Amino acid sequence: MASSLVADRAAAAGERRLRGRSLWPAAALAAALIALPILGNDFLAYQVALFLVYGIATQGVALCWGRLGFLPLGHGLFFGLGAYLAGDVLKASAEQPAWLLGLLPAVLLPALLAWVVARLLFARSLRSGPYFSLITLAMTMLGFLAAQQWSGLTGGFNGMGNIPEPSGLERFTTLYWLIAAVAVGTTALLGTLIRRPIGTLWSAIAQNEDRMQLFGYATDKLKADAYGLSALLAALAGALFAAHQGIVTPQAMSFVLSTEFVIWAAVGGKASPLGALLGAVLVGYASSELRDHFASWEIFIGLLFIAVVRFLPEGLAGLSARRSRGQAVPASNALVEATTAPPARAPKQVPGLEFNDVRCTRGGVRILGGLSFSLQGPGIRAVIGPNGAGKTSAFNVMTGRLPATGGRIRLADQDITGWPAWRVARLGVGRKMQVPSVFPELTVRQNLSVAVWAGRLHGLAALQRAPHGWQTSLRGEMMEWFPELSQSLDSPAGQLSQGHRQALEFAMTVLPEPHLLLLDEPCAGLSPAETHRMIDVIQRAVQRLGAGALLIEHDLAAVAALRGDVYVFHQGHLLAQGPLQNLQSDPAVREVYAGARK
Amino acid sequence: MDRRLLIQSAAAAATLGAWPLARAAGTTKVAVMIPQSGPAGLFGPSAKACAELAAETINARGGLLGQKIELLFGDAGLAPAEASQAVLKLWKGSGATAVIGMHDSAVRGALVGLFKGQVPYFYTPVYEGGECAKGTYVNGETPQQQLQPVIPWIASERKPKKWYMIGNDYIWGRNTNAAAKGYIEKTGAQVVGDEYLPFTVDNFDASLARIRDSGADAVLVSLVGGASVGFNKAFASFGLADKALRLGTLIEENTLAGIGAANAKNLYSSAGYFANVTTPAATAFASAYAKRFGPQAPALNGLAESAYEGFLMMEAIAKKAGSLSAAKLDAACEGASYNGPRGAVTMKARHVEQDVYVADVTDKGFRVVKTFSRVSSGQTCKV
Amino acid sequence: MDGGTLLHGLNLIYELATLALTTLGLAVVFGLLGVMNMAHGEFVMLGAYSVVAVQQWGLPTLVAFPLAIVVCSALGWVVERWLIRPLYARPFDTLLATWALAMLMRKVVEAIWGKGFRNVEDALTVAMPIGNTAYPAYRLGLIALAVVLIGALFLWYRRTNTGLRVRAMVGNPTLAQALGIDTRKLASRTFIVGVVLAGVSGVMLAPLIRIEPNIGVDYLLDAFFVLVVGGLGTLAGLAGGVGIIGGAQALVSSMAGQTNGYATVLIISILFLWLRPDGIFSRR
């Protein structure tokens, strides 16, 4: 009793330390910003305030790029929109102070625009890569053209001038405090979010978006939400810019400014909110000082930038972090109190699966040539067949990785042909990939958490600390069946051996408690002993969940041990189906396996 | 609104007064804002040279109200936000008591909003007109100044019947063309086209085809920088230089170098200064410049020289007012005058009455073919 | 055909030819190697400055071709070896590294030649009579050269052994390596070919364009949009992209002004990037 009390107190102290740790960057920043006008002077504070404003927008860019892995090349658009809208509001508020309330929509509208655009873009294509960057770039250029053309609205080339400060604040003295407070606030907010489940999810999306989709996470919505947040930061910065400068010109919406955000994020550290902010302040401020003394300061900036990209991907913040490469997300959430997770929302029956003459042709190769089979009820079925028979492709076509060119697939009485992976997963499907697909830079504990959260984490729960400690009985059982996982909970998953990674991925596949498992060669690369244990675990898990499973396997001994129905695939269609002994005496099957039939 | 402005500026002045000011005894610090980067950056070296020459010349005659001028340079080629920061550093950080600005109108807008009339601000380059802020003194050419005597003269010399106007799509281009329209129609000619292009355009073929189709025999070119270069080169390459004359109000030596003298047949430029002006004052200035900066000096051009004029204007008004305080300068500026490389220059309504030169192009560069004396700026600011 | 229509037609062909010419280098580097070379426009700029240098030194203008080829090859080799090759697997970092390279190239050129405009003369830029109108002879020559260059590139890619090896490498790099093709060297050579094409286009365009250190960005963006719309890795893609982007811009510009013309290019590119990121004719 006493010892558990002590343990509780230790845990509580650990939690307080944990809470403190997530806020130390913001606290350090606050201290520095308070000291600045005292140790320096108001003029210095005024100058630094401009770069703090840029830094807030840079934090938005760093959020998307450093955390989620896609690079917005056009954040100037939202910065400029926020600036122009706030400029209008501030000018109106000089006559009528009630207009100050307009600052809220001034900042929210650009964020909303960003969110809508991102929803449209990400829903279309999983590849959020450089094409997304080019789209944001083109949009900013359009905005720049509009800002110059529509001079009735924006003042055109000469800009929107005579913008007053918000009433009560004075541009050269007290406005600094507002800007500093906002900068500390955004740093604290981002630092906190990173340590909450949403931060882990963001990191996971950057590392392996396919896997996230297979868990049922609508990654396009998550990315769009993050992009909207980053645009909100940019628009907020733009509003502060309008108040600070008193004039907004099309330069505030330009491609050049957008690339400066990217450069500052790269140099300061794109994975660290404080790093991104300081990148803008230090590099921006240094540039403005250097500019007066060096004619070719830009050559220096260019060289610095090249050096950072080549040798310091985490920027200057990466230099100071004692974090190993494998801890993209702080792993201190081990100290969160363990609680029982809410029940999984996946459906509790095995969804019936039916392939109806499914065809798939790609680049002249016929991958699936009229595949038809069905599956009802719990139990493990094996799928066997020579290489190129279309086994993995059948899984791919089910989970949205391969487009079907003909036929229909039904799952749980719904036509799921062409559905994206996450929608299929939400019907209670779990898939384990041929090459173990985990989140290499997250720890094993974090990998498992992401799996536990799948189908359980909703809305605001992603912002709370509690889900870090969710436990389920199935998770406990996985830890027992795979003791090597419980020994390496704090190692990055990328450092695991092949065997351990297969174990981890299998554990992750079952933790959302799906009722139809698609297992693609789970024993690939395992020793005979490991294979035996894996088959054992699979059987127990399937029984425990009451699930149905399709297991692609080459090892006929393992297939025999499963004692379920077997489907034989050949050249993209179903050749035979039934218990293994029947198939072993089926002449067609024997021809295929003996090589007599092509 | 004015009252609020007054309170605001008083408050700003009071708090800014608390900032540390470095003041060396016996010198007056003058902030010089010239473009050292960006699209206008090519004017930086020449403008800087002219500013330095101006300070040395004035210092040689005893300085500004007995005090030696010390120059502080800031980069006005940046975005207006950054340019404001730069000038603030010179004004409040280093104690400049006057500002000479040779930069674009966007930066001017930002600076005017920043200064709020507290520090005398001399804006020197050719621009679109309309600046009437307190404490601002403009000695650049305005469209009215450059066109009002020139268009009728061209009409009498070359008798064009149809004018085509083309300009960059921003306030200077539009204001220039708008002013020109009136003058053109007064000469009895017809305006057959009025077209505006964004800065980024590189290909003028469509516009040139339209110019050819319209049968225009005169073209008003209100393009700047690279657009002017590209347009004029293409114009000549299509053989249009023989079919139509061109008149431009911002074609200075650098732009001409880009266009190439061979492509500048029948091209007229109207400006307050050319490096090749042969008046005694201008030649003296040119040789003083060459002597001071040697054979590798950055090429003299109208925009750079305007910075020199700004210093002369500052000296003239300061002498008349007996002080460099913003209020006293404002009271004394009307009617202040001096003689400089451009000739006799008098301040009227915050702008200047000055001589306007029209030049065409030979293989040696610009050649002044007509001079108009004491042309009014056409602006109506209240002082 | 009356003079006006002939002139409009020639103008359109010239615009398309120039667009194709300046896109060609990026079509090789981005279309075949998948490298987003943000310094592409700066190589074009280097080509133009080669002519400036050659005329400054009093040498015959044609010397600019070998000069540009040598300079771009050398720089291309260095860049591929030390900047691109280590970053092949990181597309964003390649984008940023080449953007920084572009900044550097601009500043170095600025340091040597200053920020001002340069002009290069060519006797052939005068108008010569064609049909009912007059058209600069140099432009006609440029159109012809563009067609020849694109044709030569196509033949090289489709008919020569090196072209075959490049196709193998592009289609399946691992298999190509297994077959004994030195993909590293081949990638390096392909990159060099790409940037040399950019430089050569700059040499050809020099008498017709404004020349100053910052002209690169516009060529870069236009080239990207053409490739995105037309599709990467195929000649039909290049032609399609040039046709759509160039044609749309010309059409809208003639009706509604150049700003709207450029806005149209941006909108078309956004739509393609969103709805058809592989472009019209893609290798895939």
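Each value in this text was obtained by applying a stated rule to the coordinates, not by laboratory testing. Here the structure is a predicted model, which is why all the values come from computation and not from measurement. Backbone-built Cβ (ideal geometry, glycine too); neighbour counts: all protein chains shown.
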- Note on the structure: Cα-based Rg/(2.2 N^0.38 Å) for segment A:417-540, rounded to two decimals, is 1.04
- J(HN,Hα) series, segment B:104-113, from Karplus relation 6.51 cos²θ - 1.76 cosθ + 1.60, nearest Hz, glycine and proline x: 7, 5, 5, 5, 4, x, 5, 5, 4, x
- Query: Which whole-number percent is the relative contact order of segment A:353-594 (Cα, under 8 Å, 6+ apart)?
  - Reply: 29 percent
- Query: Out of every Cα-Cα pair in chain C, what percent are more than 30 Å apart?
  - Reply: 30 percent
- Query: Rounded to the nearest 500, what is chain B's calculated 222 nm mean residue ellipticity when only DSSP H runs of at least 4 contribute -39500 (n - 2.57) each, over all residues?
  - Reply: -12500 deg cm²/dmol
- Item | Length-normalised contact order for chain C - Cα pairs under 8 Å, 6+ apart - percent | 32 percent
- Note on the structure: So for segment B:144-271, using the alpha carbon gyration tensor with a ≥ b ≥ c as root eigenvalues (a/c under 1.5 gives rounded; past that, a/b versus b/c decides prolate or oblate), I'd call it rounded
- For A:168-181, mean number of other protein chain Cβ atoms within 10 Å: 2
- Query: What is the Cα centroid distance between segment B:228-251 and segment B:267-341, reported in whole angstrom?
  - Reply: 30 Å
- Query: Which far-off residues, 5 or more places away or on another chain, put their amide H under 5 Å from the one on B:ALA218, with H placed in the peptide plane?
  - Reply: B:LYS162, B:TYR164, B:LEU245
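So how do A:ILE194, B:ILE166 line up by other beta-carbon neighbours within 10 Å, fewest first?
A:ILE194, B:ILE166
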- Which residues qualify? For C:ILE280, with a placed amide H closer than 5 Å and at least 5 residues away or on another chain, they are C:GLY230, C:GLY231
- Task: Please tell me the relative contact order of segment A:9-322 in percent, rounded to the nearest whole number, where contacts are Cα pairs under 8 Å and at least six residues apart.
- Result: 35 percent
- Message: Give me a comma-separated list of calculated 3J(HN,Hα) values for segment B:324-338, in order, Karplus coefficients 6.51, -1.76, 1.60 applied at θ = phi - 60°, integers in Hz, x for any Gly or Pro.
- Response: 10, 6, 4, 5, 5, 5, 4, 5, 9, 5, 5, x, 5, 8, 7
- Query: So, in Å, what gap is there between the alpha-carbon centers of segment C:230-282 and segment A:257-279?
  - Reply: 33 Å
- Relative packing of A:44-55, A:62-73, which averages over residues the other C-beta atoms within 10 Å, highest first: A:62-73, A:44-55
- In Å and whole numbers, how far do the C-alpha atoms of segment A:381-427 stretch along each principal axis, longest first? 30, 25, 18
- Query: Each residue of segment A:392-402 in turn: what ³J(HN,Hα) in whole Hz from Karplus with 6.51, -1.76, 1.60 and θ = phi - 60°, glycine and Pro shown as x?
  - Reply: 5, 5, 4, 4, 4, 6, 6, 9, x, 8, 10
- Under DSSP H, which helices of chain C have Cα atoms covering 24 Å or more of the helix axis and a Kyte-Doolittle average no less than 0.5? C:3-26, C:40-56, C:91-113, C:137-159, C:183-205, C:258-275
- In degrees, nearest ten, helix A:130-149 long axis to first principal axis of chain A (Cα): 30 degrees
- The rounded separation in angstrom of the Cα centers of segment A:166-192 and segment B:82-99 is 24 Å
- If you line up the long axis of helix B:225-237 against the longest principal axis of chain B, both from Cα atoms, how many degrees apart are they, to the nearest 10? 20 degrees
- Message: I'd like the mean, over residues of A:154-167, of how many other protein chain beta carbons sit within 10 Å of each residue's own Cβ.
- Response: 4
- Folded to 0 to 90 degrees: helix A:255-268 orientation relative to chain A principal axis, Cα: 70 degrees
- Message: Based only on Cα atoms, what mean projected area does the convex hull of the protein assembly as shown have, in nm²?
- Response: 53.8 nm²
- Message: If amide hydrogens are placed 1.01 Å from N in the peptide plane, which non-local residues have theirs closer than 5 Å to the one on B:GLY239?
- Response: C:ALA127
- Provide B:MET313, C:MET128 in ascending order of the number of other Cβ atoms located within 10 Å of each residue's Cβ, fewest first. C:MET128, B:MET313
- Message: As a test of understanding, state the convex hull volume per residue of segment A:353-594 from its alpha carbons, in Å³.
- Response: 132 Å³
- Among B:THR57, C:THR160, which comes first, second and so on when ranked by fewest other beta-carbon atoms within 10 Å? C:THR160, B:THR57
- Task: Averaging over all projection directions, find the projected area of the Cα convex hull of chain A and quote it in nm² with one decimal place.
- Result: 32.7 nm²
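Of the GluC sites (Glu not before Pro) in segment B:280-370, which ones lie in a loop per DSSP and count no more than 16 other C-beta atoms within 10 Å?
Those that pass, being in a loop and sparsely packed, are B:GLU334.
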- Task: Could you pull out every Cys in chain B that lacks a partner Cys with its beta carbon under 4.7 Å away?
- Result: B:CYS50, B:CYS333
